[in-house]
Structures are given as C-alpha cells and as structure tokens.
1. Go through the residues of the stretch 20-36 one by one and say whether even a single one is assigned to a loop (DSSP other than H, G, I, E, B) and under 18 Å from residue 91 (Cα atoms).
2. Inspect the stretch 11-30 for any residue being farther than 23 Å from residue 141 by Cβ, at pLDDT 95 or above and loosely packed, with under 13 Cβ neighbours inside 10 Å and give the result as yes or no.
3. Yes or no: residue 86 more than 25 Å from residue 7 (Cβ to Cβ), surrounded by 16 or more Cβ atoms within 10 Å (Cβ to Cβ), touching a helix residue (DSSP H, G or I) at 6+ places or on another chain (Cβ under 7 Å) and modelled with pLDDT under 85?
4. With respect to the numbered conditions (1) within 16 Å of the chain's Cα centre (by Cα); (2) farther than 23 Å from residue 49 by Cα; (3) in a loop (DSSP other than H, G, I, E, B), which one is the sole condition not fulfilled by residue 118?
5. If we scan the stretch 45-67, do we find a residue that is within 13 Å of the chain's Cα centre (by Cα), over 26 Å from residue 127 (Cα atoms) and surrounded by 14 or more Cβ atoms within 10 Å (Cβ to Cβ)?
6. State yes or no: is residue 107 at pLDDT 90 or above and under 26 Å from residue 48 (Cα atoms)?
7. Mind checking whether some residue in the stretch 107-114 is under 22 Å from residue 20 (Cα atoms) and either assigned to a helix (DSSP H, G or I) or under 15 Å from the mean Cα position of the chain (by Cα) (or both)?
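The values are calculated or read from the model by the stated rules, or taken from the named source; none is laboratory data. Quick caveat, the model's predicted, so the values are computed rather than measured. Every residue, glycine as well, gets a Cβ built from its backbone with ideal geometry; the counts of neighbours run over all protein chains shown.
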C-alpha cells in the first residue's frame, strides 16, 4: 500500500489520505456496495494506524459531511443518496492519546458538535507547531482532543 510505504519512508511530515469510497458509493444508493466500501476503509485504517503509531506519528480521522451512514431514510425507509447533515467524527489518535470511553459516553458524544470544518486546518497546524496565517478562520481543537 502506497500510504504505508510513505509512512515507513520517513520522508514526510504530513500525509493526507482521502477515503472517498463511502461518499462515492453512497451516491449510488446500493446498500451492499456501501457496506463493502466502509469495510474496505475499516481494513485500511486497521493496517494504517499501527504503522503511524510505530512511526511516532498521529492520525486525524474526520469528514466534511456524512452520506453512507444514512443510506436509508430513518423515517420512510427510502434510499437516500444525498449528503447528510449529521455530525461527523473527529478522532485524534497517537501512541500517548488513548482513553477508553464507555458506551454511554460514545452515544452521548455522537451528536455533540465540538468544532467546525474551519477548525481542522488550525488543528493540523497546531499539531505541527506551525503558526496559522492571520487570515485563517477557525481555532485549534487540540484542547478538546488531548
């Protein structure tokens, strides 16, 4: 896998990976294909995370919108191929940033909005100890993530 090779090379301070599978397949409305797309992303992350941790790196997992998580309208059962307005996750994973959440905490946090899309770039710059440009909107979410 190219992403794992890139991590192992040690050449990069920052690697961005866009897993478009779930969004692209979500627009088809094919439930089986959606499940397969999510399973592929899951397997990829399962291989990627140990490599990142071994390299003493960190991983942010997020999205700018939902889609595949709501392939069927929960009220009508009809296929929904549009982007959802559901809150999206923001996971910050490092070797030193582990904490177990109870099921209750996970369920409660699913619908909490802790930041905005405009906060992602300042958060990445904060992790990399780079001062954000003055005209950049948003704030680092690191205080919430650590």
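1. Yes, because at least one residue in the stretch 20-36 is assigned to a loop (DSSP other than H, G, I, E, B) and under 18 Å from residue 91 (Cα atoms).
2. yes
3. no
4. Failing condition for residue 118: (3).
5. Scanning the stretch 45-67, I find no residue that is within 13 Å of the chain's Cα centre (by Cα), over 26 Å from residue 127 (Cα atoms) and surrounded by 14 or more Cβ atoms within 10 Å (Cβ to Cβ), so the answer is no.
6. Taking the combined requirement at face value, the residue does not satisfy it.
7. Scanning the stretch 107-114 turns up at least one residue that is under 22 Å from residue 20 (Cα atoms) and either assigned to a helix (DSSP H, G or I) or under 15 Å from the mean Cα position of the chain (by Cα) (or both).
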